[in-house]
Each structure stands twice: as C-alpha cells, then as structure tokens.
Amino acid sequence: MFVEEYEKMSRGDRSLFSETVNDLLYQCFIVRKSYDRKSRMFRADPGYMFIERYFSVFEEYLSYMDMTLSKNDEDGIIFVTSGAERNHFRMDPTTTLIVFALRSYYEGQIEKAPAETEVLMTSGQMLTLVQELGLSNVSKRLSSQTIGSILRTLDGFNVVSRATNSYGDPTYTFFIMPTIRYVISSEKLNALYSFLTNPEEEEEETPSLFDAPVQPKSAPKMGEDIPVEDEGGNE
C-alpha cells in the first residue's frame, strides 16, 4: 500500500515527503499555523498541509518504525508517538517547571479568548509568572538566562514560537502554541500544582488546575507516549 501510494507521487512530492518526515521526527509536533516574523502574521504551515494531503501514506510509513501519527483538528496539531518508548526527550525538573508555567498562562488566556489557539507572552510576563507561582522557591536555577535557554529548546519542538528579538536578549516576545497541552500530562501537572499549593498536605484532595483536552479516538490521551516527557519534575 505505502509503496504504491509513494510511487504515485511526483518527484517534487517525494522530496517533500522525505523533508517533512525528517521535520516530524525531529520536532515531534507540526502545527497548522506557524508564525512568520517578517510579516508578523500566522500563516498556514506547508508541512501540516502536506501531511494532511498524504496522511495515510505518512501513517503507514511511520507504522513500520512502531510510531503512531495522530492529528487533533481542534488544536491544529499533528504529532508522532513512539510505541517502543525510544528517542524521547528527557525533560529535567527545571524545564518541567517552565512547562507548568506556560501551560498555566496558556489555559488562562484561552479561557478568555476560546477562539484563539496561540497565546502571546513577553519575557517580563514570564518572569513575573515564575515569581507568582512560587517556582523560583522550588528551583534556584530559574534565572532569566535559564528560562531563555529552556524556551529556545521548546521552540525547536514547536511548543513555543519566538515573535520578537531572541531568547538571549533582555526583552523578547513569543507565542505559546497549542502543543503545550501535549508536552506533559494533565495528571502530572496537577500533581505538581498540588505540591506547590499544599506541599505538606499530600493526602488532602486539591482542586485540579488542568483538564485534559478532548481528543479524537485515534489520538493517545495527553501525556501517554508523548515524545516529550518529564523525569521527576513534579517530585
């Protein structure tokens, strides 16, 4: 099936197929809209549209590597998961705290504007949020330089998208992408929230801060075999 469909492609599409597979395996997430810094506008991502066009071909090709291709139309993301539990990005505790902060801010802003899928944030807002959430008390490593480095890494996975300046500059802006909902499971983030709000009352039930988004049946639940995962950041 794959060979037959692949051979039907034009030479140009075959080249795009190879390029898009590499992007997908490297970035883990492909978003429907990508930010163009020159025009300062979001534009339809050509990689996303190409995968949509040949979704079954990509799906079968990746299945040979024990990988599953999933798509969430509501959030506008396509992502790949590994059944072999290999090639996962191991997230350190400090990065986990930043993901927690980004998810908190994202959900708060989306609640105010549910039609949006991307949320703009400034470096100043990021630093203020870290202080308000008490994350600097949990990790002394959360300096502005460390935060910038973490954001640069997350940018490579399409979790955030730089808008102005660079992450090493004193001030910059970036967009939090809908992929933030798929980096760490809601269960793990809620456990971290419970620890931050009631560090000495582990047995007392704490209201959940995050609700797992509704996803199509073909997609794994948030945090299950997602390519980016934490390694104890909520402990």
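Here are some notes:
- Residue list for the stretch 168-212, filter: modelled with pLDDT under 85, under 23 Å from the mean Cα position of the chain (by Cα) and part of a loop (DSSP other than H, G, I, E, B): S185, S208, L209, F210, D211, A212
- Note on the stretch 129-155: residues that are in a helix (DSSP H, G or I) and over 21 Å from N198 (Cα atoms) total 12.
- Members of the stretch 27-72 found to be within 19 Å of V159 (Cα to Cα) and more than 19 Å from the chain's Cα centre (by Cα), listed by number: R37, R40, M41
- So T173, is it surrounded by fewer than 17 Cβ atoms within 10 Å (Cβ to Cβ), among the β-branched types (V, I, T) and closer than 28 Å to N72 by Cβ: yes
- Some residue of the stretch 37-46 being among the aliphatic types (A, V, I, L, M), surrounded by fewer than 18 Cβ atoms within 10 Å (Cβ to Cβ) and either at pLDDT 95 or above or assigned to a helix (DSSP H, G or I) (or both): yes
- Per this entry, S63 is not counted among residues that are surrounded by fewer than 20 Cβ atoms within 10 Å (Cβ to Cβ), out of contact with any strand residue (DSSP E or B) (no Cβ under 9 Å at 6 or more places or on another chain) and over 22 Å from I180 (Cβ atoms).
- Set E52, E5: member being of a type in the set (D, E) and in contact (Cβ under 8 Å) with a residue 40 or more places away in the chain: E5
Conditions (1) part of a loop (DSSP other than H, G, I, E, B); (2) of a type in the set (A, V, I, L, M); (3) assigned by TED's automatic domain parsing to the domain that holds T179; (4) free of Cβ contacts under 8 Å to residues at least 24 places away in the same chain, marked per residue:
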site	(1), (2), (3), (4)
E59	no, no, no, yes
E74	yes, no, no, no
E111	no, no, yes, yes
M121	no, yes, yes, no
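- Considering D36, D13, the condition of being of a type in the set (D, E) and either on the phi > 0 side of the Ramachandran plot or touching a Lys or Arg at 6+ places or on another chain (Cβ under 7 Å) (or both) is satisfied by D36 alone.
Yes or no, residue by residue, for (1) buried (at least 19 other Cβ atoms within 10 Å of the Cβ); (2) aliphatic (A, V, I, L, M); (3) more than 25 Å from K188 (Cβ to Cβ); (4) modelled with pLDDT of 95 or more:
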residue: Y48; (1), (2), (3), (4): yes, no, yes, yes
residue: M91; (1), (2), (3), (4): yes, yes, no, no
residue: S123; (1), (2), (3), (4): yes, no, yes, yes
residue: Q131; (1), (2), (3), (4): no, no, no, no
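- Test: residue in the stretch 50-57 that is surrounded by 17 or more Cβ atoms within 10 Å (Cβ to Cβ) and in a loop (DSSP other than H, G, I, E, B): yes
The values are calculated or read from the model by the stated rules, or taken from the named source; none is laboratory data. These figures come from a predicted structure and were not determined experimentally. Neighbour counts run over all protein chains shown; Cβ positions are idealised from the backbone, glycine included.
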